[in-house]
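*Asks:* Dumping the structure here so I can ask a few things about it.
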Amino acid sequence: MSAEPLEIYLEEQDLGRSLRDDVRTGLTARPKWLPPKWFYDARGSELFEEITRLPEYYPTRAERAVLAERAGEIAELTGAKTLIELGSGSSEKTRLLLDAFTRRGGLGTFVPLDVSVSALRQSTEQIATDYPGLRVRGIVGDFTRHLDRLPTGGRRLVIFLGGTIGNLLPAERAGFLAAMRASLEPGDWLLIGTDLVKDPSIVVPAYDDAAGVTAEFNRNVLRVVNRELGADFDPEAFAHVALWDPEREWIEMRLRAERPVRARVLDLDVEFAAGEELRTEVSAKFRPEGIAAELAAAGFTAREFWTDADGLFGVTLARAD
């Protein structure tokens, strides 16, 4: 069975407008910032895939280990008829769940949501080929804006993996989880992956690897701005910085100007003093009781919490109240 035509709620012009708005807002702020979603053009996605294979980068391996161990249990507990994945990318880890649901029987539809038309088209066609009989409905959209477009009916399981929720600031997380709950019916399920608080000696190298891949990934946001908005940043003028904030329990990735930098972007003259930093990502780490409380505040009950053998990464299965 081939995948159904993509449902597109996010056009190229929407992405362009969003990029312009973010650049104008972030680069005129004090301190300056850009959101991490702009890392991910084709090159950024390649670099991130490379990061997930680095020895320092534990989250992908740890989350995969949890899913490999618990996928059958998740299928039994939820009995989902529809599996929805937010920010699906290549859906690689999702195949562990699809395999478990296939063995159990009863799953009828898989709905991946992603901002990338090309990535989504490729992954939906491949999954439709590999799981014949499964209805595959790809949605091109932004999980912070288009949760109301998710299909209704049947018992649903929404999965949000990779620790991506940690890229949202606390108020943004609360808004996202509330919107997620509003799009679900009582008895639907949410499976969410969260990187856990641990010693900074483990966390920091995951965002500052010895091979410098994460540094290239970080600087890629400037290459995206250059290409898409005709800016003239020199990415090599910026050093990659990864800092642990013990109070907020998150990693901040920043780009630090190694010399005075001036760039033209849109109608702005953007200046960085030597040593000035641009925040490009926050990656919050969680405690089990913290994620349970955030879910409860949004109208979910955390039913199961699993970690890998080393306790590095958590996966929570929550039910909509």
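The values are calculated or read from the model by the stated rules, or taken from the named source; none is laboratory data. Being a predicted model, the structure only gives us computed values, none of them experimental. A quick note on method: Cβ atoms are made from the backbone with ideal geometry, for glycine too, and the neighbour counts reach across all protein chains shown. In case anyone asks, the SASA skips ligands and DNA or RNA and just uses the protein heavy atoms, side chains included. Shrake-Rupley method; radii C 1.70, N 1.55, O 1.52, S 1.80 Å.
*Asks:* Could you work out the Rg to Rh ratio of the chain, with Rh taken as the Kirkwood radius (inverse of the mean 1/r over all Cα pairs)?
*Replies:* My calculation of the ratio gives 0.97.
*Asks:* So, in nm, how far is label D269 from label E11 when the simple model puts each one 7 Å beyond its Cα toward the Cβ?
*Replies:* 3.6
*Asks:* Hey, what's segment 1-113 come to in accessible area per residue, 1.4 Å probe, Å²?
*Replies:* Each residue of segment 1-113 exposes 47 Å² on average to a 1.4 Å probe.
*Asks:* Taking 7 Å along the Cα-to-C-beta vector as the label spot, tell me the E4-R104 distance in nanometres, rounded to one decimal.
*Replies:* Placing both labels 7 Å beyond Cα along the Cβ direction yields 2.2 nm.
*Asks:* Report ³J(HN,Hα) in whole Hz for each residue of segment 286-293, in order, from the Karplus equation J = 6.51 cos²θ - 1.76 cosθ + 1.60 where θ = phi - 60°; Gly and Pro get x.
*Replies:* Couplings: 10, 10, x, 5, x, 5, 4, 5 Hz.
*Asks:* Where in segment 160-193 is the amide nitrogen less than 16 Å from a point lying 7 Å along the Cα-to-Cβ axis of R256?
*Replies:* none
*Asks:* Shifting gears a bit: When the Karplus curve 6.51 cos²θ - 1.76 cosθ + 1.60 is applied with θ = phi - 60°, which whole-Hz ³J(HN,Hα) does each residue of segment 161-177 get, with x for Gly and Pro?
*Replies:* Coupling constants for segment 161-177: 9, x, x, 4, 4, x, 7, 8, 5, x, 5, 5, 4, 4, x, 5, 5 Hz.
*Asks:* When the chain is fully extended, how far beyond the present Cα-Cα distance does D310 get from Q126, taking 0.36 nm per residue of separation?
*Replies:* Additional length available on full extension: 63.0 nm.
*Asks:* Next question, about the same structure. Using a 1.4 Å probe on the protein heavy atoms, what percent of the accessible area of segment 228-321 belongs to carbon and sulfur?
*Replies:* C and S atoms contribute 43 percent here.
*Asks:* For K285, list the lysines whose Cα falls under 29 Å from its own Cα; do not include residues on the same chain fewer than 8 positions away.
*Replies:* The reachable lysines, counting only those whose Cα sits under 29 Å from K285, are K32, K37, K93, K198.
*Asks:* Something else: Provide the gained length on full extension for the span E50 to E92, in nm with one decimal, where the gain is 0.36 nm per separating residue minus the Cα-Cα distance.
*Replies:* Taking 0.36 nm per residue and subtracting the Cα distance, the gain is 13.7 nm.
*Asks:* Label point 7 Å out from E236 along Cα-to-Cβ: which residues of segment 269-297 have amide N under 15 Å?
*Replies:* Once the point is set 7 Å along Cα→Cβ of E236, nothing inside segment 269-297 turns out to lie under 15 Å by backbone N.
*Asks:* Now, a different point. How big is the charge dipole of the chain about its Cα centre, in debye rounded to the nearest 20, if each Lys and Arg gets +1 on its Cβ and each Asp and Glu gets -1 on its Cβ?
*Replies:* 620
*Asks:* For segment 220-307, with every protein chain kept in place, what is the accessible area per residue (1.4 Å probe, Å²)?
*Replies:* Result: 47 Å² of accessible area for each residue.
*Asks:* For segment 295-300, what does the Karplus curve 6.51 cos²θ - 1.76 cosθ + 1.60, with θ = phi - 60°, yield as ³J(HN,Hα) per residue in whole Hz, taken in order and with x for Gly and Pro?
*Replies:* Per residue, the Karplus-derived 3J(HN,Hα) values read 5, 4, 4, 8, x, 10 Hz.
*Asks:* Between rounded, prolate and oblate, where does segment 1-53 land on the alpha carbon gyration tensor, with a ≥ b ≥ c its root eigenvalues, rounded for a/c under 1.5, else prolate if a/b exceeds b/c?
*Replies:* oblate
*Asks:* Here's another thing I want to ask about it. For helix 42-52, report the angle its Cα long axis makes with the longest principal axis of the Cα atoms of the chain; keep it between 0 and 90° and round to the nearest 10°.
*Replies:* Computed tilt is about 70 degrees.
*Asks:* Right, another one. Is the shape of segment 101-256 best called rounded, prolate or oblate, per the rule: a/c under 1.5 gives rounded, else a/b larger than b/c gives prolate, else oblate, with a ≥ b ≥ c the square roots of the Cα gyration tensor eigenvalues?
*Replies:* Prolate shape, in that a/c is at least 1.5 and a/b is the bigger ratio.
*Asks:* Over segment 37-167, what is the relative contact order in percent, taking alpha-carbon pairs closer than 8 angstrom and at least six residues apart?
*Replies:* 28
*Asks:* What's the carbon and sulfur percent of segment 132-185's accessible surface, probe 1.4 angstrom, rounded to a whole number?
*Replies:* Answer for segment 132-185 is 49 percent, counting heavy atoms of protein chains only.
*Asks:* Note down the net charge around R135, summing +1 for each Lys or Arg and -1 for each Asp or Glu among other residues with Cβ under 11 Å from its Cβ.
*Replies:* +1
*Asks:* To the nearest 0.05, how large is the calculated FRET efficiency for R61 and W244 if R₀ is 35 Å and r is the Cβ-Cβ distance?
*Replies:* With a Förster radius of 35 Å, E is 0.95.
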